[in-house]
C-alpha cells in the first residue's frame, strides 16, 4: 500500500492509560484519502503514489484540476501530496485509503506547517532581553548593534533580527499512536503536532 496519509488536526485533548497515567494527545482526522496517480520507475523515473484529501467545490477548481481527478472518479481535492509505496500491495486509481493503514502503539512521523504569527521583533522572535523599561531609557525593545564597523563593515550572515515568525514546515519523528477510531477515521497521537486546528498534516509510518 502506501507509507503515509493526509489528515486534519482536530484539536488537543488528554486521555488516561490503563495504568492511570494522563497522556496529553492530539486528535487527527486521517483520510479518507484517494489515489489520484500512481508513478512508476518506467514512466516517471521513481515510484510514488499521489493522494488527495478533502473535497473542493468544482466552482473553485480549475479545469486542469477537474481533469486530473476525472480518472479517479472523484471531486477535486484541496490537498494533494505524494507518498512512498509500502510493499507490493495492489493499488488502483480512485482507491480509498483510510486510517486502517496504521496500527495502535506504532510510531509515526508527522509533517505540518506551524502557526504563522506575522512580523515579530527580536524579543518575541528570539527571546532577546531588551533594555531598561524606565522612562529615562531610550533603549527598550530594539535589537541594538547588528554588526561591526570598519572591519568587516557589514552585517554578518545569520544575524538574529526581526522578521516573520512561524509559518514554517516542521517535521516531528517517532510520535506514538495511542488509539485509533476506525469508524470516525480518527487517530489519537501522543503529544502535540505542528499547525493550527483544521490544518493539514502528513502522517508517515516511522522510518518512511
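May I ask you to derive the FRET efficiency for residue 190 and residue 138 from their Cβ-Cβ distance with R0 = 41 Å, giving the value to the nearest 0.05?
The computed FRET efficiency comes out at 0.25.
Sequence gap at least 6, Cα distance under 8 Å: using those rules, report the relative contact order of region 12-113 to the nearest whole percent.
Reported as a whole number, the value is 27 percent.
By counting other Cβ atoms within 10 Å of each Cβ, how are 19, 100, 44 ranked from fewest to most?
By the 10 Å Cβ count, ascending: 19, 44, 100.
What list do you get for 170, 58 if you sort them by fewest beta carbons within 10 Å?
Ascending Cβ contact count within 10 Å gives the list 58, 170.
Does region 1-105 classify as rounded, prolate or oblate by the C-alpha gyration tensor (a ≥ b ≥ c root eigenvalues; a/c under 1.5 gives rounded; else a/b over b/c gives prolate, otherwise oblate)?
oblate
Rounded to whole Å and sorted largest first, what semi-axes of the equivalent ellipsoid does the C-alpha gyration tensor of the chain yield via the square root of 5 times each eigenvalue?
42, 24, 17
For a label point 7 angstrom out from the Cα of residue 44 toward its Cβ, which stretches of region 86-105 have the backbone nitrogen within less than 20 Å?
86-98
Using a Gaussian network for the chain with springs between C-alpha atoms less than 10 Å apart, which of these wobbles most: 112, 191, 158?
158
If you rank 79, 140 by fewest surrounding Cβ atoms within 10 Å, what's the result?
Listed from fewest to most nearby Cβ atoms, that is 140, 79.
Hey, rough spin-label estimate for residue 70 and residue 159, points 7 angstrom out along Cα→Cβ, what's it come to in nanometres?
5.6
If you stretched the chain out fully between residue 174 and residue 197, how much longer would it get, using 0.36 nm times the residue separation minus the C-alpha to C-alpha distance?
Length gained between residue 174 and residue 197: 6.2 nm.
Sorted from largest to smallest, which semi-axis lengths in Å does the alpha carbon gyration tensor of region 118-166 give for its equivalent ellipsoid, taking the root of 5 times each eigenvalue?
For region 118-166, the semi-axes come out at 21, 18, 7 Å.
For the pair residue 115/residue 103, report the inter-label distance in nm, with labels modelled 7 Å from Cα in the Cβ direction.
Modelled inter-label distance: 3.6 nm.
Throughout, read-outs are computed from the coordinates displayed, never taken from laboratory work. As the structure is a computational prediction, the values presented were derived from the model and not from experiment. Please note: Cβ atoms are built from the backbone with ideal geometry, for glycine as well, and neighbour counts cover all protein chains shown.
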